[in-house]
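For reference, the structure discussed in these notes is given below.
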Amino acid sequence: MIAGSDSLVVEFLGMPGSGKTTLARRVAEALGQRGIHAYQTNQFTVKRKSSQIGRVSSLASFLLGNPMYSLLCARAIVESRQRSMRDLVLVFRSWFVNSHRTSQFSGSAGLYLVDQGIFQSTWQVAFSARRPEPVRLIEKIGSLIPVPHIVVIVEASLATVARRLTERHAVNRINAPHAISRIEVEFPNDAQLLPRSFELLRQIKGAVIRMSATREDLRVLIVDNEQDGDLEEGMRRVVEAVLSYPSLSR
């Protein structure tokens, strides 16, 4: 699925707690100061701004219009052997909703900053899988996957992610219980959960970088967000990458 020439989709990929959403928000603000409007999207803003009936209808049209992609994805997710039926439902919904959104944004004029995209969904599938094979999932789908134009890989150390997840969970429990992620709840009771999650993300990052070498419509930018002061430098690098993309620089 090749992106439309009048659209630009930027996906932020990284561990929960790496600062994807904060970086995307800062990039949107910086672009706005230059007179460029950017839609910052995640699963929660999309839920609030779309009617349930409209979302279901649009998603059904996407699935029926892409039967081979839908079948291959469904089979790969089932073969990942999710830990529970609840996890299976969650990853099915996340995968196909984010596939649909990436495809939809790529065909619509505008600049979209996505912190819950198709590659992040690959990590979500692997996170709760008994047989986590994220690279196999990406390779099995191959050229059918609806990729963004730019993938911003946001990096932070295990210790930093653990600290930020702990802080975020304390805030979300009071102010936004709907936004609490599975990893926030589980990692304090499983010492190996974060190392395993980092390894899965490392595999996905490698697959994305290899894919970018064979696809002209996909660029990758790696941003270090270890220290709080790194945010502004990361923002400047992402803004530069966005402004230099052909659809905006022409």
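Given T102, T122, which one is among the β-branched types (V, I, T), crowded, with 21+ Cβ neighbours inside 10 Å, in a helix (DSSP H, G or I) and at pLDDT 90 or above? So that I can check it myself, show each step before the final result.
Details: T102 fails: at pLDDT 90 or above.
Among T102, T122, only T122 is among the β-branched types (V, I, T), crowded, with 21+ Cβ neighbours inside 10 Å, in a helix (DSSP H, G or I) and at pLDDT 90 or above.
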Among the numbered criteria (1) within 14 Å of G17 (Cβ to Cβ); (2) modelled with pLDDT of 95 or more, which single criterion is violated by L165? (2)
Determine the pairs where a residue that is in contact (Cβ under 8 Å) with a residue 24 or more places away in the chain, located within region 226-237, has a partner that is of a type in the set (D, E) and surrounded by fewer than 14 Cβ atoms within 10 Å (Cβ to Cβ) with Cβ atoms under 9 Å apart, the partner being 6 or more residues away or on another chain. M235/E29
Only residues that are more than 13 Å from the chain's Cα centre (by Cα) and in contact (Cβ under 8 Å) with a residue 40 or more places away in the chain: list them for region 91-125, please. S103, Q104, F105, S106, G107, S108, A109, G110, L111
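Would it be correct to say that E184 is charged (D, E, K, R), in contact (Cβ under 8 Å) with a residue 24 or more places away in the chain, in a helix (DSSP H, G or I) and surrounded by 14 or more Cβ atoms within 10 Å (Cβ to Cβ)?
Numbers: charged (D, E, K, R): yes; in contact (Cβ under 8 Å) with a residue 24 or more places away in the chain: yes; in a helix (DSSP H, G or I): yes; surrounded by 14 or more Cβ atoms within 10 Å (Cβ to Cβ): yes.
Answer is yes for this residue.
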Reported set for region 221-250 where residues are touching a strand residue (DSSP E or B) at 6+ places or on another chain (Cβ under 8 Å), more than 23 Å from R164 (Cβ to Cβ) and either modelled with pLDDT of 95 or more or aliphatic (A, V, I, L, M) (or both) is A241, V242, L248
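Test A179 against the criterion of being more than 20 Å from D115 (Cβ to Cβ), of a type in the set (A, V, I, L, M, F, W, C) and at pLDDT below 90, and give yes or no. So that I can check it myself, show each step before the final result.
Numbers: more than 20 Å from D115 (Cβ to Cβ): no; of a type in the set (A, V, I, L, M, F, W, C): yes; at pLDDT below 90: yes.
So A179 fails the test.
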V171 passes all but one of (1) part of a helix (DSSP H, G or I); (2) closer than 27 Å to E139 by Cα; which number fails? (2)
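The values are calculated or read from the model by the stated rules, or taken from the named source; none is laboratory data. From a predicted model like this one, the values you see are computed outputs, not experimental measurements. All Cβ positions, even for glycine, are placed from backbone atoms using ideal geometry, and neighbour counts span all protein chains on display.
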